[in-house]
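K.L.:
Have a look at this one before I ask anything.
The values are calculated or read from the model by the stated rules, or taken from the named source; none is laboratory data. Small disclaimer: the values here were computed from a predicted structure and weren't measured. Cβ placement follows ideal geometry from the backbone for every residue including glycine, while neighbour counts extend to all protein chains displayed.
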Amino acid sequence: MLGALLIAPSIGGLTAKFSKSLRKLAEESFEGNKLLTDTAQETLANQTIVKAYTAEEREKSRFLKVARIIARANLRSGKIAATSPPTIELIGIIAVVIVFYFGLREINLGKMDAAQFFTFLFFLFRSYDPMRKISRQHNELTKAFAAARDVWDILDEDEILPEKFNAVDLKPLQNKIELKNVSFNYQTDHKKILQNVSLEIPKGAMIALVGESGGGKSSLIKLVQRLYDPTAGAIFWDETDLRDARVLSLKRQIALVTQETVLFNDTIRYNISYGNPLATDEMIAEAARVAYADDFIRELPNGYETIVGERGIFLSGGQRQRIAIARAVLINAPVLILDEATSALDTESERLVQKALANLMENKTSIVIAHRLSTIRKANKIVVMEKGKIIQTGTHDELLEKGGTYKRLYELQFAEEETEIVS
């Protein structure tokens, strides 16, 4: 009994101590590996800037700094893993010596016969071996648990926007999308991004959102896509609150073209048909023609089978944007969201993209975030936003006549464009 009391608690205590240290070091190592990957990816993706600013040594130092953290954690982890088994073995040897000492003393005093002692010793040894193996396995499991922590965190997350059990499928828009007294802030920040916004977006209309950065334009379109839910108020699709609708049925109704075009390192055909994998070659080519992309695609060495490279690096900005427009054309969704789709283009590319967008927007309900105000003169309604509020609405001519923020922004931008032309 004394031997068991000596061995089990000692091995258990040391195993717990070793495991705690191993888990902490394993987590440090895995976090370091993620950071190392991010650092390498970021540096390679931005190599043009790195070279232009002769920052190679700086980026090398960043990489080595993270690598040293990982190396230090791995070395300490290896040291603990190497120290643990001999320590456990040493405890076993010491315990056996103590058991022998007291056992022989008890035999000499006549309190225990030799058969009882050696029987006890046999079972003690049999119990020690599993304890030693459990200790080793526990150390390995500890490192595995540390590696699996991030996976569990993702799996354990609840859906940000869970559907109601009786959620309905949205039908194609018949009347309007309406925001009623909508306010919004992110969970991690109590600052109001949108404050008591009310807006009607009639079917078939083009609604333009303008204003300085941070006004709430992007947050508004995220709410319309139901990437988030309002913290107050509601958004209606005809008579249906978006929170009562199936998310998939909403996404099928909306096509998105953003300022930063997202293309995959695959063929042009794959990228255009991304939202409709079953599209035929004729459908893909027709979408490209509508987007003014068919001509340049056919001039490429492999036509529609041309690989665009990571993030479309082998194409120009205007070409990437027209591929994205073709993708939206192929989806043929009734509602279109354009998030500053031409702000990063040169004049010639913008002209072609604007023609493609005009084709795309035909007979669609469009919500447009505009950077260049000259591109939204024909909007049915222009909504001027500032600090999360709507401060002006009207057509281009009406807002210029009223004066205020829109006229100031337009005149400022017009003056900048005139300066660029003169220079």
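K.L.:
Output the residues belonging to the stretch 394-409 that are touching a helix residue (DSSP H, G or I) at 6+ places or on another chain (Cβ under 8 Å) and either at pLDDT below 80 or closer than 26 Å to Lys222 by Cβ (or both).
P.N.:
Across the stretch 394-409, the qualifying residues are Gly394, His396, Leu399, Tyr406, Leu409.
K.L.:
Give me the residue from the stretch 234-253 that is surrounded by fewer than 20 Cβ atoms within 10 Å (Cβ to Cβ) and assigned to a strand (DSSP E or B) and, out of that set, farthest from the chain's Cα centre (by Cα).
P.N.:
Ranking the qualifying residues of the stretch 234-253, first place goes to Thr240.
K.L.:
Let me ask another. Scan the stretch 359-379 and tell me whether some residue there is at pLDDT below 85, of a type in the set (Asp, Glu) and either assigned by TED's automatic domain parsing to the domain that holds Gly403 or in a helix (DSSP H, G or I) (or both).
P.N.:
yes
K.L.:
Considering only the stretch 257-339, give the helices (runs of 4 or more DSSP H) lying wholly within it that have at least 1 residues that are free of Cβ contacts under 8 Å to residues at least 24 places away in the same chain.
P.N.:
Those helices (runs of 4 or more DSSP H) span 268-272, 281-290, 294-299.
K.L.:
Mind listing whichever residues of the stretch 189-226 are in contact (Cβ under 8 Å) with a residue 60 or more places away in the chain and part of a loop (DSSP other than H, G, I, E, B)?
P.N.:
Lys192, Ile193, Lys203, Gly204, Ala205, Gly211, Glu212, Gly214, Gly215, Gly216, Gln225, Arg226
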